[in-house]
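The values are calculated or read from the model by the stated rules, or taken from the named source; none is laboratory data. Just so it is clear, the model here is predicted, and its values are computed rather than measured. We place every Cβ from the backbone using ideal geometry, glycine too, and count neighbours over all the protein chains shown. What goes into the accessible areas is simple: the full protein's heavy atoms, side chains included, and nothing from ligands, DNA or RNA. Shrake-Rupley method; radii C 1.70, N 1.55, O 1.52, S 1.80 Å.
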Amino acid sequence: MRKENLGKNLSQTKSSVRLNVESDKNELYEELYKIALKNMDNAYAKYSGFRVSAALLDEDGNVFNGVNVENSSYGATICAERVAISTAVTDGSRKFIAIAVASSDGEVWPCGICRQVIFEFSENLDVISMDSDGKMKVLKISELLKNGFKLKD
Ligand code: THU
């Protein structure tokens, strides 16, 4: 393939989102949660009917989305949080500040496998959820996964 032809047929399909990480933490996290809520319609929860959406914020303010993607072979289902992490890593991002998780059933916290996957990349990350009264809750991944397992860097 000739180098000068690369990109000739490319165009951007969807714009990505960036937040200002310098802004007030409460505001920042509320906005992140809103992004998760907004994207929940994309969840593919055909079997459980439980839609989950995650919005992951990296150190530079980039936001990566994830939704749960279920499968006829139930065990092949992947959670919203791990989709978001995989998308970010694929895009070259590995240092995360926070992840907001929303569900069609309100307050939700990452499952055990997702806690482990989040912990792999950011031991100090904030996990954001919202209770039924619309009160935002923030917990550190290290609280959700106490004495988490990680091989030395
Ligand atoms: N699910 C998530 O996406 N994230 C979680 O942290 C909890 C569970 C999904 C997986 C499955 O599609 C549905 O919720 C019910 O388990």
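Observations, loosely collected:
- Accessible surface for residue 37 stands near 80 Å², nearest 10, in the context of the full protein assembly shown (1.4 Å probe).
- Choice from 120, 22, 107 showing the highest fluctuation, given a GNM over the chain with Cα pairs closer than 10 Å: 22
- Sparsely packed loop sites in segment 18-119 (the chymotrypsin sites (Phe, Trp or Tyr not before Pro) outside DSSP H, G, I, E and B with at most 12 other Cβ atoms within 10 Å) comprise 47.
- Assigned charges on the beta-carbon of Lys, Arg, Asp, Glu; segment 1-52 dipole about Cα centre (debye): 500 debye
- The apolar share of the surface of the chain, taken as the fraction of accessible area on carbon and sulfur atoms (1.4 Å probe, ligands and nucleic acids excluded), comes to 48 percent.
- Using a probe of 1.4 Å, the accessible surface attributed to residue 137 totals some 70 Å² when neighbouring protein chains are kept in position.
- For segment 33-153, the spherically averaged projection of the C-alpha convex hull amounts to 7.6 nm².
- Its Cα centre serving as origin, segment 1-129 has a Cβ charge dipole (Lys and Arg +1, Asp and Glu -1) of approximately 700 debye.
- Entries in 14/135; 38/95; 46/140; 25/140; 95/150; 14/38 that, when Cα-Cα distance is taken, lie over 19 Å: 14/135; 38/95; 46/140
- Helical mean residue ellipticity (222 nm; -39500 (n - 2.57) per DSSP H run of 4+; nearest 500) of the chain: -7500 deg cm²/dmol
- With θ taken as phi - 60° and the Karplus curve 6.51 cos²θ - 1.76 cosθ + 1.60 applied, the whole-hertz 3J(HN,Hα) list for segment 64-71 is 10, 9, x, 10, 6, 10, 8, 8 Hz, x standing for glycine and proline.
- Comparing 87, 77, 13 in a Gaussian network model of the chain where C-alpha atoms under 10 Å apart are linked, the largest mean-square fluctuation is found at 13.
- Taking all protein chains together and rolling a 1.4 Å probe, residue 15 ends up with roughly 110 Å² accessible.
- Remark: accessible surface ordering of 18, 51, 115 (largest first) is 18, 51, 115, probe radius 1.4 Å.
- Cα-based helix-to-principal-axis angle, 25-38 vs the chain, degrees rounded to 10: 70 degrees
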